[in-house]
Amino acid sequence: MIRFEKVTKRYPGPGRPALDQVTLDIDKGEFVYLVGTSGSGKSTALRLVLRELRPTTGRVHVAGKEINRMAGWKVPRLRREIGTVFQDFRLLPNKTVTENVAFAQQVIGKSRRDIAKVVPETLELVGLKDKGDRMPDELSGGEQQRVAIARAFVNRPMILIADEPTGNLDPQTSVGIMNLLGDINATGTTVVMATHDHGIVDQFTKRVIELDHGKVVRDEASGSYGFQH
Amino acid sequence: MQLRYVFTELRTGLRRNLSMHLAVILTLFVSLSLAGIGILVQREATVARDSLGDELKILVNLCTDDDPSHSPNCASGEVTADQRQRIEKEIEDSDEVASSTFQSKEEGYQRAYDQAKRSNTQAAFEGPDPVVTVERWPAAYWVTLKTPEHADGIISALEGLDGVSVIKDQRKALGQIFGIMTVLKYGSWIGAGFLLFAALLQVTNTIRLAALARRREIAIMRLVGASTLYIALPFLLEALVAAIVGVALAAGVLAAFQHWGVEKALADHVEFLPWVDWGDYTQALFGLFPPGIVLLGPALTLIPTLLLTRKYVKV
């Protein structure tokens, strides 16, 4: 589903590359933690998958396509196969929960009928069936992250990328979010989660890829967080 | 493509940036009005040249039967073939002349009739017993000079020739009129140029602000796979709305200028000049070269919007 072949990403200016000859393979339906210190290259790797960046050398394959040479006009179609969740939720404050989720469908041209069917289903899946009319600021952090996950999942992407999804949440709420990500993974969606949350990684054991100074230093099928910060 | 979001965003965008949009519209309106007036003045110069000749031309009217000038040159009545040959030779031999064309009675009459019709003063040409007829209209030579300053030699040579009725030398008067028109034309184009540049900067600022106000939406749209066109569409439509309003206001001002300025004032007071009509007004609006305001307005807002949105909403 995601393959990096000797990927190096160098940003302008001096210094070491953000990613250095990284090769990795993530299969369809896997749940993978991407761990490592700040600056280890986690975010760069995620942005390469989204084709927000192009590698300096090497190849990135996503959903069977080599995306580093993909024409710009094809990128939106690629992104429809990828859902993204962030630490800071990134909800639209002037839209209700339902409108926030529906927005992801409206802007890619889904019909009103489709939206009316899929959005309530997705809200039910994330446990917010009765909160569709609320505004984001009326919700708790955990609920806001659930809305963000609903928005990322509403188009039923093949891949869900989560960048520190529990970073702003208390441990109990984080467990709820992890269960939800687990449910989404169970539908066959590949989940790649960058995290610093060792409690979560150790509790919900999955494959762990550890990056350090832009290199893969550990890739365990059923790993733990591995280092303390 | 579902356009509901686009139109909602368009409404929101227009409301949110109302003062900026008003500034763009007003600047566009004034600059397009000036550009339109510049085009009308240029058309006026063409119309005037077509009918009166320019400052390089003199008109040599030949004698008719019962010539109204009562010139001694016309004592023998209608100009004869021999007389015409002499006149022609004199023109051809002159160092001051660049070229000349002969205008028959019929051509001259038709030209005068067309002009009269243009200014709605064709009564003398019509009716059962018209004052102006083909027979009474003189044949003529249009003589084009090499330079407007040197014509004394040819004028004095022709003045004494049999068969020459009147020499119409409007170099000075026309030179002044065309001079004024040139100043007006370039003045309004330079003014329009500055203001159009100001409009361009305002469009740029408006888009920058709009992109800033929508940065969250844009970021989400990019992430969920909205196409660049879909993301840029509200910006383009906002620019188009501003352009349409600006063009409509300028078209109104130009129409008012044509109606009250040209037809009701200038045409009544300055009768010797033919004036631009509604056909020329249409040219100022829809012409291709120079581009009319209907092309200019949208181009000035849409092109920078396209370029800038590519920068701000790049996927």
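The values are calculated or read from the model by the stated rules, or taken from the named source; none is laboratory data. Everything numeric here is computed off the predicted structure, so don't read it as measured data. As a convention, Cβ positions derive from the backbone with ideal geometry for all residues, glycine included, and neighbour counts pool all protein chains shown.
Details
- Helices (runs of 4 or more DSSP H) contained entirely in segment B:1-104, each with at least 3 residues that are within 27 Å of the chain's Cα centre (by Cα): B:18-52
- Within the set B:Val60, B:Val47, B:Val30, the sole residue that is in contact with a Lys or Arg (Cβ under 9 Å, 6 or more places away or on another chain) and over 28 Å from B:Glu92 (Cβ atoms) turns out to be B:Val47.
- If you go through segment B:161-218 and keep only what is under 30 Å from A:Glu52 (Cα atoms) and of a type in the set (A, V, I, L, M, F, W, C), you end up with B:Leu201, B:Val203, B:Ile207, B:Leu209, B:Ala210, B:Ala211, B:Leu212, B:Ala213, B:Ile218.
- Selected residue (only one of B:Leu201, B:Leu196, B:Leu174 is within 30 Å of B:His21 (Cβ to Cβ) and touching a Leu at 6+ places or on another chain (Cβ under 8 Å)): B:Leu196
- The number of residues in segment A:67-86 being over 12 Å from A:Ile2 (Cβ atoms), more than 7 Å from every other protein chain (Cβ to nearest Cβ) and in contact with a strand residue (DSSP E or B) (Cβ under 6 Å, 6 or more places away or on another chain) comes to 4.
- Segment A:61-79, subset surrounded by 17 or more Cβ atoms within 10 Å (Cβ to Cβ) and touching a Lys or Arg at 6+ places or on another chain (Cβ under 7 Å), residue nearest to A:Asp20 (Cα to Cα): A:Asn68
- Flag if B:Ile303 is within 30 Å of B:Met221 (Cα to Cα) and either at pLDDT 85 or above or outside the structural domain of B:Thr27 (by the TED database) (or both): yes
- Just one of the listed residues (A:Gly214, A:Gly199) is of a type outside the set (A, V, I, L, M) and buried (at least 17 other Cβ atoms within 10 Å of the Cβ), namely A:Gly214.
- Enumerated helices (runs of 4 or more DSSP H) restricted to segment A:56-174, each holding at least 1 residues that are of a type in the set (S, T, N, Q): A:97-106, A:112-125, A:141-153
- Test: A:Arg112 is within 11 Å of chain B (Cβ to nearest Cβ), of a type outside the set (A, V, I, L, M, F, W, C) and within 18 Å of the chain's Cα centre (by Cα): no
- Answer from B:Leu201, B:Leu174 - the residue that is in a helix (DSSP H, G or I), of a type in the set (A, V, I, L, M, F, W, C) and within 18 Å of B:Leu273 (Cα to Cα): B:Leu174
A quick yes/no check of all residues on (1) within 13 Å of B:Gly38 (Cβ to Cβ); (2) in contact with a helix residue (DSSP H, G or I) (Cβ under 8 Å, 6 or more places away or on another chain):
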{"position": "B:Gly175", "(1), (2)": "no, no"}
{"position": "B:Leu184", "(1), (2)": "yes, yes"}
{"position": "B:Thr206", "(1), (2)": "no, yes"}
{"position": "B:Ala211", "(1), (2)": "no, yes"}
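- Filter result for the condition that a residue is modelled with pLDDT of 95 or more and within 22 Å of A:Leu48 (Cα to Cα), over A:Val147, A:Val217, A:Val192: A:Val192
- Residues of segment A:114-159 satisfying the condition of being of a type in the set (Asp, Glu) and within 12 Å of A:Ile177 (Cα to Cα): A:Glu143
- In segment A:50-60, residue surrounded by the most Cβ atoms within 10 Å (Cβ to Cβ) [restricted to those that are away from chain B (no Cβ under 12 Å) and farther than 13 Å from A:Pro17 by Cβ]: A:Val60
- Every residue from segment B:238-261 that is in contact (Cβ under 8 Å) with a residue 40 or more places away in the chain and either within 30 Å of B:Tyr113 (Cα to Cα) or not assigned by the TED database to the domain that holds B:Glu44 (or both): B:Leu254, B:Phe257, B:Gln258
- Residues of segment B:122-157 classified as surrounded by 12 or more Cβ atoms within 10 Å (Cβ to Cβ), out of contact with any Leu (no Cβ under 7 Å at 6 or more places or on another chain) and in a loop (DSSP other than H, G, I, E, B), total: 9
- Residue count for segment A:177-195 satisfying the condition of being surrounded by fewer than 18 Cβ atoms within 10 Å (Cβ to Cβ) and either small (Gly, Ala, Ser) or closer than 18 Å to A:Glu210 by Cα (or both): 3.
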